[in-house]
Amino acid sequence: MTWLSVKEAAQVLHIGERAVRTAAQQNRYQSRYVRGEGRGGKQLRIALESLPEKAQALYRGEELPHEDILQYTGKQREEADAKAWIVEQYHQSGLSPAVFVSWFNASNPPEDAISESKLF
């Protein structure tokens, strides 16, 4: 279990320290007191694992997928990835749109054909 200071928890939650203390008092986060300086010799610590997943990822320096993409089905995400791949290929090719579209259509099955307007 990883224990954060109130200040660290406030930073990853993007709220104030007082709000963290209040939430801990209301048992929204797992907490405990440890010996330390100030506040009568005890300091509040918050369990990282009891914080929302976003806050945990922020603390660990991890990136989470954008929430809005999670609303789409797997097939929709695959189609978006395929389109993004085509655009990336176009940018890397250095070709004009017309030449790239001709090259792409000649290199792929007819059902995957694109037009310049689709490319844009």
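The values are calculated or read from the model by the stated rules, or taken from the named source; none is laboratory data. Computed from a predicted model, the values in this text were never measured in an experiment. Neighbour counts are summed over all protein chains in view; Cβ atoms, including those assigned to glycine, are modelled from backbone coordinates with ideal geometry. Note: accessible area is taken over every heavy atom of the protein model, side chains too, but ligands, DNA and RNA are not part of it. Shrake-Rupley method; radii C 1.70, N 1.55, O 1.52, S 1.80 Å.
Numbers at a glance
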{"quantity": "Mean separation of Cα contacts under 8 Å, 6 or more apart, over the residue count of the chain: relative contact order %", "calculated": "18 percent"}
{"quantity": "Computed Rg/Rh of segment 26-97, alpha carbon atoms with Kirkwood Rh", "calculated": "1.35"}
{"quantity": "Distance (nanometres) between label positions extended 7 Å along Cα→Cβ at GLN26 and TRP85", "calculated": "4.7 nm"}
{"quantity": "Tail fraction, Cα-Cα pairs, the chain, threshold 20 Å, whole percent", "calculated": "62 percent"}
{"quantity": "Selected from ALA55, ALA80, ALA47 as most flexible by GNM, with the chain as the system and alpha-carbon contacts under 10 Å", "calculated": "ALA80"}
{"quantity": "Apportionment of accessible area to carbon and sulfur, the chain, percent (1.4 Å)", "calculated": "49 percent"}
{"quantity": "Fraction of alpha-carbon pairs over 16 Å apart in segment 40-82 - percent", "calculated": "58 percent"}
{"quantity": "Segment 77-119 - Rg (one decimal) and Dmax (whole number), Cα, Å", "calculated": "9.8, 28"}
{"quantity": "Summed residue charge, Cβ within 12 Å of ARG21's Cβ, Lys/Arg positive, Asp/Glu negative", "calculated": "+4"}
{"quantity": "Solvent accessible area, Å² - GLU8, 1.4 Å probe, full protein context", "calculated": "70 Å²"}
{"quantity": "Accessible area of the chain divided out per residue, in Å², using a probe of 1.4 angstrom", "calculated": "75 Å²"}
